[in-house]
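See structure below.
Coordinate-derived values only; no laboratory data. Remember, it's a predicted structure, so these values are computed and weren't measured experimentally. Glycine also receives a Cβ, built like all others from the backbone with ideal geometry; neighbour counts cover every protein chain displayed.
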Amino acid sequence: MTIDKRAIKILMNTYWSSAGWRDEPTVSPEDLAYAKSHHVMFDPVRFSHDEAIEAAFQTVAAITQAEVVSAFIASLSSRRLDIRSGLGSYAVGRHFQRHRAKTSFGRKFCTYCGLYPVEDVDLNILNFERLKWGGVRHTQPTYIAFDLRILRETHCPSPNPDDFGILRAILSVARSMPSKARLSDLDKSLSKVLASNSAERRALIGILGYAGILIDPSRPAFRKGFVADSEREQTPWYKDDWPYPVQWWNGSFGIDEAAVDDWFPSLST
């Protein structure tokens, strides 16, 4: 499946303007029908907890790590943010386990996956976020299932030498940040090696966190097992909107070289 440019424009214009998010998303019936016919916009769906869990589990099982990694690397020079997203979803979901909803006192959502008993899902918002930033909700089972399903249906270019050069540069920048560097410093530094805006770089940094490359090694990370929603300790810092676990990273941690070898073995050959 290739992505139709007019359909993407319809989706973007539905939710976004030059001033940012639209207060009231609007799309004509004709435009909606066109975008839906090209699998860019969708009807809303409702999942029970168990249906969403099964969808995520099955979709992760249907794609390989090699496919996800290839798409991620190929996104770097092409700026194909939609195919970049899959690494984050796969990294979170590859150790995901089937389970019954687990709740605790005062919490109506599952302490393992974070889902409510029934979820109304706007797939259009999810696809908007994929296409505009490279995904936002990589820890949500409904997004994992949607993201990886669309990735499997999408024609992805193969990585080229420029892509591998950019990947090496990204890792080199992260590896060499000063010990007191914060995520905002890393964001700015990556602007020198990656054609992007800050929102795209923040999504990329979050994906590298899910992959276990940018982490605080003292905290649970998704590379070695699924981190339950209740175990994702949040930082105490005011207005911290970075995702777990990358939110705990600073320059003193550099990068996890074992995680780099896990995801990108070809870099060492």
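Our helix-only sum for the chain, with -39,500 (n - 2.57) per DSSP H run of n ≥ 4 divided by its residues, gives a mean residue ellipticity at 222 nm of -14500 deg cm²/dmol.
Length gain on complete extension for the stretch Lys5 to Ser191, per 0.36 nm per residue less the alpha carbon to alpha carbon distance? All intermediate terms of the calculation are to be shown ahead of the outcome.
On the way: separation 186, 0.36 × 186 = 66.96 nm, distance 2.61 nm.
In short, 64.4 nm is gained.
Taking region 165-182 and a reference point 7 angstrom along Cα→Cβ of Lys239, the backbone N atoms nearer than 19 Å belong to 182.
Here the Gaussian network model covers the chain, with springs between Cα atoms less than 10 Å apart; of Ala62, Ala199, Ala101, Ala62 fluctuates the most. Its relative contact order, with pairs defined as Cα atoms under 8 Å and 6+ residues apart, puts region 1-131 at 29 percent.
Applying the criteria of a DSSP loop state and at most 16 other Cβ atoms within 10 Å to the trypsin sites (Lys or Arg not before Pro) of region 8-105 yields Arg22, Arg79, Arg98, Arg100, Lys102.
Seen from Ala101, the other residues with C-beta closer than 14 Å to its C-beta sum to a net charge of 0, counting Lys and Arg as +1 and Asp and Glu as -1. Taking Cβ atoms as reference points and 10 Å as the exclusive limit, the residues near Val45 contribute a net charge of -4, counting Lys and Arg as +1 and Asp and Glu as -1. Within a straight-line Cα-Cα reach of under 18 Å, Lys5 can be paired with the following lysines, leaving aside sequence neighbours fewer than 8 residues apart in one chain: Lys36, Lys132.
Within the shell defined by Cβ-Cβ distances under 13 Å, the residues around Ala195 carry a net charge of +2, with Lys and Arg each +1 and Asp and Glu each -1. Relative contact order of region 158-269, taken over Cα pairs closer than 8 Å and 6 or more residues apart, is 34 percent. Loop-resident chymotrypsin sites (Phe, Trp or Tyr not before Pro) (DSSP state other than H, G, I, E or B) in region 231-269 with no more than 15 further Cβ atoms inside 10 Å of their Cβ: Trp237, Tyr238. When the GluC sites (Glu not before Pro) in region 228-268 are filtered for DSSP coil states and for at most 15 other beta-carbon atoms within 10 Å of their beta-carbon, the remaining sites are Glu233.
Look at the alpha carbon pairs under 8 Å that are at least 6 residues apart: their mean separation over the length of the chain gives a relative contact order of 21 percent.
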